[in-house]
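For reference, the structure discussed in these notes is given below.
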Amino acid sequence: MQRYTMIIMRFARLILTAAVLLALAGPTLAQDSVDPMAQIVKSASEAGLKVIVIESAGNAAEAGLEPEESKESFFMTTQKRVDAFRDRLSEQLSRAPALIEEVIYITNYASPTGHYSKYFVILIWTMALLLIAEQIVRNGLGRPIFGKWFVGLQTDNPIGYAQKLPVLLLRSLMAVVALTLVVVISYALGRVIFGKADNDIVRLTVAYIYATYFMSRGVVFLWRMILAPYLEQYRIPHFSDTDARKLFYWLLIVSSFAITSLNFVNWIQELGMGYDIYALLNSALTFLVVLMNVAMVLANRRAITGAILNGEDYNEVSVASRFFARAWAPAVILYFLVAWGEMTYRLVLNIPLEVSLIAGFYAILLTVLVVYGMVGYLIERVFTRRRMIAAMHQQALELEQQEASNAEAPAEASAETAPPLSSHKMRTFEDLSRRLANILAVFAGAWALSSIWRLDIEMMGASSAQRSYDLVFVLLIGYIVYHSVRIWIDQKIEEEGGADVEVAPGDEGGAAGSSRLATLLPLFRNFVLVVIAVTVGLIALTDLGINVAPLFAGAGVVGLAIGFGAQTLVRDILSGAFYLFDDAFRKGEYIDIGTVKGTVERVSARSFQLRHHLGPLHTVPFGEVQFLTNFSRDWVMMKLPLRVTYDTDVEKVRKLVKKLGQDLLNDPVVGDQFLQPLKSQGVIEMQDSAMIIRVKFMTKPGDQWVLRKRVFQEIRDLFAREGIKFAHKEVTVRLADGEVSNLTEAQKQAISAAALAHEEEPVPKKGGDDR
């Protein structure tokens, strides 16, 4: 037995030595108590001030300076503390074999009967009274009255925090009230049965039993509210029923053991146990709690990872979610080990510890969950009305589509959801609010961690901590302003129909483009976001103590250099500004700038891109544009020439075309695309083998190509029915002698080639009249 005891002592000493090295590298290596005067002098020195301290004797000394011989290196200080910790730990571990005997001695000494069995009697009677009181409350008030009322409040399919959180909070509040009644009734029964206890130790023991019961049951109610193991429709985290119940029972066992161990060592200390034995017992029980927590993390790692990912695929979530999903388990295990080492270091050296660092982890976790839950509830309450209005609008729109279309068309149309115009994941203010809920929860957890471990004061000092808080606040405000402006402008762009206009490959172009705001707002958005980012960056640098005045001077010099060395760039930007302010073109419009033409796909501050209907994409700087023709504004007049023979009745053709124009206006497919009906302009040209009769119609930009195909098809069918013949080009070759039979085969081929060349020669336009 002694051999195993020595092995355990050596193993514990090895673990504690490693843990204390981690603790010494942490924030608690600062002085155990901070002298206010030293803190003031330090802050003044950091601010660049020279402090002179005048003693009561009238001697003046420059503060902040220490004799050279009193300064020690970090390694020397660390070595001294490690030696002190090792010596103190060896002294306490040497008393470990007498641990059980000393506990028995203390309990026997403090017991009213002189034997520790009295405490077991008190424990049994107190627990029996608690069970009786619990049955009275459950069967007398809980199930008959509040149980039925609470079941009536539940719904089968609650949605979101707004419907789930109030029910869960009400359930927990009722449980806490019932738990309080149980303790009160149990205490009353004890007073009735046993009367008032005269012994202080008995009263202390009963108080600790009640406290342990109340704390254990209260923690159970808290985790029951969060995980809802048997109320799955109200469960907020993404857990399956099996995973939620498994994690709930793990938390129940671990938290109950931790609370019982903590109250037990405090009770033993109250009985008069020596500090060395108290520290050793506290460290040993805390180590068991740490092992249980590590086992709980490993047993529920996959389920908690799924809850962090919110049930989504790992590759589909954000980078931050993937990082937390991978890092949470090692980070939690490391926290428990470091916290145990820190607690052991403080216990061994008798350094006061305000709060248990193991319990501090759950305080941090609950802070994150409470902040996230409350902010999520407020977000849903604020945006519920907006979602209801949007749903009503969507239902009205679908109803209109069903009334205007066939029975099957609306179902097919409603099944397809239009893709979002913005590729950013945060497209609405509600998305931004939920992202801010995550950020606030993380900041709340960091604040709780800093408060429990005293990181802000002990590691950085008061001034550095305040500076860090200011920096975080500035970055948070900048983040909110940046994305608020971006979302607001993106929504305005969507209201204008979107900034991107899809052009089908091979489309002839000419259709109406985006609105003027949809063209200008993306440029305005980029400019404003850059200004916000630069402003926030400068303010952050100022909070860090960096002088930004030289940056402005450098920016002026750079701007002057750009003005002289990049005149072409400046010309392009200024030309683009004037073209856009003049509304010369918009995205999606078909334009011709002389050298190239096409549909405008992208507009930047310096250039724009044109997509030709055959596929090539041209990038044109604004400064290179001399003139610009826009084919997508207001209306388009399409004129079509028709070649007919000389024996064609022109008046008959005019009447037929006029009637065809009226028929096309009444056509259910293309009738509403005509701004002016199809009509004949008569004979506009006389050629060698044909008369040229021209027809015209007016339509919206982009519709002329479809209507042209339809008009050509209808005229061909109409002329075929009415016996009107189209003329074909002919070339008549007259020979000087008139004898064709005497020509050789080579001469015939030469004559045919000359006729073909004459036929393919373009006829020059005279006067350029296109009216």
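The values are calculated or read from the model by the stated rules, or taken from the named source; none is laboratory data. Please read all numbers here as calculations on a predicted model, not as lab measurements. Neighbour counts are summed over all protein chains in view; Cβ atoms, including those assigned to glycine, are modelled from backbone coordinates with ideal geometry. For the accessible areas, the whole protein counts, side chains as well, though only heavy atoms, and no ligand, DNA or RNA atoms are used. Shrake-Rupley method; radii C 1.70, N 1.55, O 1.52, S 1.80 Å.
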**Request:** Find which of N630, H612, Q676 sits farthest along the positive direction of the dipole of region 574-701, computed with +1 on the beta-carbon of Lys and Arg, -1 on that of Asp and Glu, about the Cα centre.
**Result:** Q676
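Once the piece of chain linking R301 and K655 is laid out straight, how much longer is it, given 0.36 nm per residue of separation minus the C-alpha distance between them? If you can, show how the numbers build up before the last one.
On the way: separation 354, 0.36 × 354 = 127.44 nm, distance 8.39 nm.
This chain segment gains 119.1 nm when fully extended.
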**Asked** Heavy-atom accessible area per residue, region 211-356, 1.4 Å probe: how many Å²?
**Response** 46 Å²
**Contour excess over end-to-end distance, with Cα ends at R716 and T568 and 0.36 nm allotted per residue** = 47.9 nm
**Request:** Sort largest first and round to whole Å: the equivalent ellipsoid semi-axes of region 252-388, each the square root of five times a Cα gyration tensor eigenvalue.
**Result:** 37, 18, 13
**Request:** Count charges around L251 for me, please; just the other residues with Cβ under 12 Å from its Cβ, Lys/Arg as +1, Asp/Glu as -1.
**Result:** +3
**Packing-based order for 714-724, 289-299, using average beta carbon neighbours within 10 Å, highest first** = 289-299, 714-724
**Fill in**
Quick calc, region 207-347, dipole around Cα centre from Cβ unit charges on Lys, Arg (+) and Asp, Glu (-), nearest 20 debye, gives 100 debye
**Message:** Shape verdict for region 127-241, please, from the Cα gyration tensor: rounded (a/c under 1.5), prolate (a/b greater than b/c) or oblate.
**Reply:** prolate
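Taking the mean number of other Cβ atoms within 10 Å as a proxy for protection, how do you rank 662-670, 278-286, 430-438 from highest to lowest?
278-286, 430-438, 662-670
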**Item:** Relative packing of 536-543, 77-84, which averages over residues the other C-beta atoms within 10 Å, highest first
**Value:** 536-543, 77-84
**Asked** What percent of all Cα-Cα pairs in region 327-391 falls in each 10 Å bin, counting up from 0?
**Response** 18, 30, 21, 15, 11, 5, 1
**Message:** 7 Å from Cα along Cα→Cβ at both R602 and D672: what's the point-to-point distance in nm?
**Reply:** 3.5 nm
**Fill in**
Given backbone amide H placed at 1.01 Å from N, residues whose amide H is under 5 Å from that of A605, ignoring those fewer than 5 places away on the same chain, are none
**Fill in**
The set of residues whose placed amide H lies less than 5 Å from the amide H of L309, leaving out same-chain residues fewer than 5 positions away, is none
